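Accompanying notes for the structure given below.
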Amino acid sequence: MKKIVVTTFLICFLMGGTHTFAGGKGLMDPMMKGTWFINFGFGPGTNWQGSFGRGFLPAGQIAFEVGMWEIGPGVITLGGEIGGTFFSYKGLDRYGINIPFTYNYVELVFAARGAYHYGWNVQGLDTYGGVAAGPRFTIFTYSTPAGKPILDKPSTFGYGGGAFVGASYFFNEFIGINAELGFNITYAQIGMVFKIK
């Protein structure tokens, strides 16, 4: 995880140093009508399934957004996101079995998302807040040391949703860093953002 974050920042700073802003409204307000953003990030994952909240769940997310409508000083975007969360736990005496067990949990999310973006008249800055909703696929494995599964329903399918706020800072016209907070695929994440047009 630490290597990913350090590499992300290094790439951003190197690319930020090779290009400069050329001026113009598109850089003062990076998200405009017709603009495409693609971002990815990593951080502690949430659990849309909602039945298991113990420990740290690493997660990753890739999202894209398109500027659709100018509303007031900002832009409403629509897009989608794909992400996943993984968790593994070893313990004793769960569900009254009184023997060691291993619990693995993987959740995949495919969601639509919409947000409102506003740049605050700061060059390269984009801030936003929005919501996401879509299907999720949850895979459980719960076994004894002998490896025998003891869950009746090891996989589930359902729908979930969340809300988030975030900010991006562009070092040049095309690339920047991105951070999000909220209850979505992650509670918090940091990564990179790319402006396509």
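Data table
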item: By average C-beta atoms within 10 angstrom, highest first, the peptides 32-43, 65-76; result: 32-43, 65-76
item: Cα centroid of region 112-128 to Cα centroid of region 183-197, whole Å; result: 12
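We did not get these values from a lab; they are worked out from the coordinates using the rules stated. Source: prediction; values computed, not measured. Cβ atoms come from the backbone with ideal geometry, glycine included; neighbour counts cover every protein chain shown.
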